[in-house]
Structure formats: structure tokens, C-alpha cells
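In what follows, a structure is listed as C-alpha cells, so that the remarks can point back to it.
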Amino acid sequence: MAPTLQYHCPCLTNVTSPLVVPPPPHLASSSSSFHPLHTLFFCEECDAVRCDRCVSVEVSGYYCPNCLFEVPSASVRAEKNRCARNCFLCPNCRNTLSVVPSDPPDSGDGRLSSIPLSTVGEPPFFLYCNYCRWDSAEIGVTFEKPTGLAAQLQKFEDSAPESLEFERLKEHFEPFLRTSSLSSPSHQRTPSSHHVHTSSITAAASAALARDIPGVSKFNPITRSRSGKDRTANKDEMHEYKSRVEVAAASRSGAGEQVDVEFMRHIETVGEVATLEQRWVNSWTSPLQTSDLKPLRVPLHSKTSKRCPTCRHILIKPEQKAQSVRYKIKLVAANYLPAIVVALPLPQSRADGSRRGASDDRGSSTGGVLRAGEAYPFHLALTNPLYDPIQVKLNVQRMHVATSGDGAAAKARRPPFVVSLPTSPFPVAAFAEAWEYEDDEDMFSTGDDNLDHDTDGRGLGSKDGRSKTKTVGVLEKRANVTMVGGEVTIGKEARGNVKFNMLVAYTYRSDDPVPSEDGGTPSRTMARAPEVKTFSFYTVVDLGPIIPKEESRAEDG
Amino acid sequence: MAPIRDKFTIHSKAIVCQDVELKGDITIGSGTIVHPKATIFAIAGAIVIGSGCIIEESAIIVNRRKEIMRIGDDNLFEIGCRVESPAIGNFNTISTRARVHHTVRIGSYCVIGAACVVVPTEEESLGDYTVFYGPASERRTWSGRGKVQEADLRHKHTEYLREMLPKFNRLRRGDGT
């Protein structure tokens, strides 16, 4: 498993101190606080990292993923969140259907190239899936015109028995709802009461709102009692509702059990029963048989914009056009925080082979494997996204490992590994275009605090890793990337993963043009001294699982 | 193993680019277009390709059986596909990165979807209008509607390639021996 590094977002901790301490990384529950860098945002006003969980999301527009038509939010509700134009989903494979004219009449002699096919094509038109070659003529759906298919298909939907039944129910209840809503607003004190409901749907909705719900305190108690009396009076007047037709028997889909059982008794192939993926795309009760599946209008997608939860500053704002994937406002953490990549280099002891008699098949994976009782170097490469150079200071957080009750296991609960990193701040150059960088003069710079002043950086290759040449310290500085080396020493009884929290603090000059008080020219140069800002964040470094000592001993012996 | 004797019979109206790897006894019919970087290996037996076929880049057509592999007319072998089937009919489409085993015989007007793998363990002969699709290579039968338009499109495709390919690619001239 490759070593990973994730960033901590403080949204899940309750502490309100300026720098929150992240949860101990070895607990499984703390993985929800850590995120990879590309999923994080950064709020400039609050100067804080925000993650996907803490941002507030709001919809900025709806569009059809097929025709990329932006649907105004008013018609979204009217069209039931689906595309109103010619976009349909194949019921068989859920791909997009295309509108296709029928074949021209066969001339009979088989000379196809001589027939000039008209661009519009001939009616009847039908829907055709290019992928699985399903077409709507199999279920008998054809169209006369190639446009406005949704309207033409609406007629089919409307004639389904369920929707007819629903229409009749609405008509039946409408007079009662109208009278009850007319009587209650006369007692209400709110001036903004909508007395006459133009549609039965809104009348039903407002009646539902005024309904008596147990456990919830009554809204407008005075009117409640009076309108309750009215309603009971109305109830007595309401006559029996007779459904037009027995719905359970009429609709074949999702109906009574007997129809389904009969069908299942007579199926010949498994393909006759609709699969789960085919069925749950349907919003209503879905048909059981594959031959009953109908093409669906394509559901709309939404474009969302994200805001910081505390200061309501917009972090992400997409462009209005559906086909553009850019953003008007894009405050992502990768533009503010240095990107850190952790890597475990291949251990140098492999070169001389004297350390252990490693078998060849294990040798290839030694780079990622951590054995108990060993010390491993690792690299951290920091990339600076800012246009100013930064000074980075790393700090490993002490792990407070809880001791368990068992005495023998308590030994294993000690901090199982020790991490040493360069403690003094090191610079990372500013981000600039590739051609602006000078040649690599200090590829192998000597770090300030490396233990061995070995200037030959490449000496690690030929000599083995027994001498501590430059494992800890700044290893390499190239363009805007600085690679530092650290070392982790794993205890003999260690178990689990090598995971530790690391505090990264970096200081940068932000030359905000602070207007000086006096405004005099000679003093302006003084006042424009750029202020140095520090920002720090926590990360968790995961170097991989530890192979316990007994296994490795067994492999050796 | 006997050495493979190359014998290419390429129709004068066929367009075969220079970068194509041909091996063995291969016959290519009139109007067929073979894009560069295609591979046609007739290792054990011969391969006969009909007219109007389009073999795109990285397509691999291999015959490892002794019997002659016959490919019909107007087929389309898309990029990256691998075909070992001993008999293929007309107007088929083998989509990108599909794989067809040597145990299958394909009829006419079939469509093997993208990345579909048709590898039955025993000999099978696909009827006409069979369609394979989906990641699990489910199959179903096409009704045949729209086949005239698709045939027309295939011809237009071939016409266009015949015009444009020689402008940008070197063609293999003459027959190899």
C-alpha cells in the first residue's frame, strides 16, 4: 500500500481554539476528519480550511445531461425534474436514446448506395438506442414528428390507469377542499391568507398544513376549533368515492400478487424479468416484465455552488452555461496550501544484500513494506502554490496511545514508532512558470540540520544506508518543490499502521498594500513592508502497515 | 512449426496502409480499408476478408486454426478489438476493445459492443442481428430496424476514408510474397 497524506479539516471538532487538534489517527473514527487535498476548499475571509462536509451547498442551476439545455428553475418543478425535450433513457441499458427515422422503403434490388436518404428522414420516427439496439417500436411507441417528443409521450403517460385514477380523486375532493379552505381563512388573522385556491393541488397542500398532527403544538388554536367544526360538517356531506375501475387489477405493474405469480410461472428465460438496475430508475411502481419497461425522460442534473458555513463567502461558483466545466469563483485549498506527497524510497540495504537474506520476490516490494524493529527513511515533497516563497516548519504530534487493561498487550500499546523530521524551518521557492526557473544549481543542497555533513547527495546509492547520510533534512530543492527526508523507527512490538499527525506551519509574505497614515513618499516604502503571515494545518501521514516481527523472523529462518 | 509463408492478395481497389502488420496467407477484397497499425496474422490458416470492410487501428485479426477464416463484406472492426472467430458474416460491427474468441461464428448484422468479451467455452454460432452490450456482455436480438440507414452510413464511412486516408498515410503498394 502506497503511503498517503491527508489534510485535516477542523469542522468536526468541538474546540473553538484557533488551532484545533485533530483526533488521534490510529482510531478508525478519525478518518472522517482527514481529506485528500483536492477535495478541500479554503475560505479567505475566515482563513480556514473547509471540506465537503462543512460547506453549505445550494443549487445554482439545472440542466439536462444529454442536450445540455439549462432548465429554468420554474419549469423544473413543472416537468418533474426531467428533460422536457427529446431526451430519453433506454429502458434496457439506461443509455440515451436517439430519435431515428424509419428505414426508407426497400427498393428491392439491394443497391443501397443509389438511394439518396433525405436528411429529415421518413416517418414514423422512433427512439433507438445505439448501444443495445433497443428501439421503441418494440413496445409500440412511434412518433409522427421528430421534435416535441415529450409532449407526445405525455399522452401515453396520461392515459395510464393510475394517473386517470389520480385525476378522478382530485376532482372528487376538490369541492370539499375548496369549501373548507374558504371557511377557515375567514377566522384567521393572518392577512396573507390565500383564500381561493385556483388549483386543487394547492388547496390540498394548505389543508394538509392545517391538519392536526399529534405531538405538535397547534397552529392558531382559535381557528383550529372553528375550522374543525366546519370540517366535520363537511365530512358528513362527502359522499362515497367510487373508483372508476378496480385499480389493482387494471394496472399490471406492481399490482396484486396473483398476476405476478402467474407471470413468474410462465417465464421462459431470465431475461423476461426486469433487472433491479432497470427498475429503480422508474419513479412509480416499476413493471416486472422487461417487455413492459418504457423509455424514461432523462432526469436533470444540478450545478451547485458552495459557501463557507461561517462567513457565507462563496467558495465555489460554477459558470451558468451547462456545457462549460469552469468556475467563476474557485477557492480550492490546493491554491493556498502546499501540496505534500509522501513516498517511501527503496531502502538502500537492498543494494549490498548483507542486511538480510531477502528472497527475490520480496525484494521488489521491500520499498513499501515496513518491518517491526527497523528504521526507514521517507520523503516528503512539498509544492508551493503561492507566488511568494514560503518557510515551512514541520512538527510531529505526539501520539497519546491509550493503554489497555491487559498487561501483555500494554507493551504493544506504547508509541510504536518514533518519527524524526527536520525541525528548523526550510524554504520552498515560489511558484513561477517553468521557463523562469534557473538551472538546478542546488539540486542536492545541504540541509541545515542534517546529522552528517555529507555533501555528496548521491552517496546514498552506492554506499549502504548504515551511515546516516542525509536521511533527515532537506534533500532537494527544485523549482517550487522541496523534498525533505525524515526517518521513522519502528519499535519491535509495533502493530497496525504507521500513522502520525503532522503539523505544517508555513509563513509567507502577503504584500497587502496597506495605505500608510502620512502618505509621504519616503515613508511609504517603510509602510509597505510586507506583513508576514503564518498559517498552519494538520495532516496525517500514513506510511503503511507494519509487518510484525514474528512473521519476518519466520521468513528469515 | 512450419515457417509462415507470406502471401498477400490485395485487391487493387483496397486501401492498405504501410504500417500494417501482415503475416501469412491473406486475401483482401475490393474497397476494404485497413488503417495503419492494424494487425492481421494468418498464423496457422489463411484469412479471407471481403469487400468494403473497415479495419481500424490496433485491431488484431488472428487465425490460429488450420481452417480458412472467412470475413464477409462491409464489416467494421473498431479500434483495439481482437477477433479470432473463424467465420464472420456481413455488416457486423465489432466495437472498440471487444474480444471474440475462436469458438464463435458470427452471422450478419451483429453488433459486439465496446469492451464486450465473447468467449463461450464451447462452439457457438451467433444468429443474425445478435447484439452484445454492457459490461457483462449481455446479449439480445436486434429487430433490424434502421439497418438500411446503418448500411448507408457504413458506405459513406468507406467513401470518406478512401478519399482521406491516402492523403495522410503511406499506402502499401503491390503484393508481397
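Points to keep in mind about this one:
- Selected from B:LEU161, B:LEU126, B:LEU153 as most flexible by GNM, with chain B as the system and alpha-carbon contacts under 10 Å: B:LEU153
- Of A:LYS303/A:LYS477; A:LYS294/B:LYS147; A:LYS80/A:LYS321; A:LYS170/A:LYS294; A:LYS317/A:LYS533, those spanning more than 30 Å from alpha-carbon to alpha-carbon: A:LYS303/A:LYS477
- The HN-Hα couplings worked out from phi for the stretch B:157-169 by the Karplus form 6.51 cos²θ - 1.76 cosθ + 1.60 (θ = phi - 60°) are 4, 5, 4, 5, 5, 5, 6, 8, 4, x, 6, 10, 9 Hz, whole numbers, x standing for Gly and Pro.
- Using the average count of surrounding beta-carbon atoms within 10 Å as a protection proxy, the listed peptides A:389-395, A:325-331 rank, highest first, as A:389-395, A:325-331.
- With neighbours defined as other Cβ atoms within 10 Å of a residue's Cβ, the residues A:ASP47, B:ASP128 order from fewest to most as A:ASP47, B:ASP128.
- Mean partner shielding of peptide A:128-140, defined as the number of other chain Cβ atoms within 10 Å of each residue Cβ, is 5.
- Long-range amide H partners of A:ILE547 with built H, under 5 Å: A:LEU370, A:ARG371, A:ALA372
- Packing-based ranking, highest mean first, of B:108-118, A:145-155 given that Cβ atoms within 10 Å are counted: B:108-118, A:145-155
- Look at the stretch B:110-121: the mean tally of other chain Cβ atoms within 10 Å of its residues' Cβ atoms is 1.
- Applying the Karplus relation 6.51 cos²θ - 1.76 cosθ + 1.60 with θ = phi - 60° to the stretch B:9-22 yields 3J(HN,Hα) values of 10, 10, 5, 5, 8, 7, 10, 10, 6, 6, 7, 7, 9, 10 Hz, where x marks Gly and Pro.
- Cα shape, the stretch B:7-166, gyration tensor, a/c 1.5 rule: oblate
- Sorting the segments A:57-67, B:93-103 by their mean number of nearby beta carbons within 10 angstrom, highest to lowest, gives B:93-103, A:57-67.
- In sequence order, the stretch B:143-148 has phi-based couplings of 7, x, 6, x, 6, 5 Hz under the Karplus curve 6.51 cos²θ - 1.76 cosθ + 1.60, θ = phi - 60°, and Gly or Pro positions carry x.
Read the figures in this text as sums done on the coordinates, not as results from a lab. Please read all numbers here as calculations on a predicted model, not as lab measurements. Cβ sites come from the backbone with ideal geometry, for glycine too, and all protein chains shown count toward neighbours.
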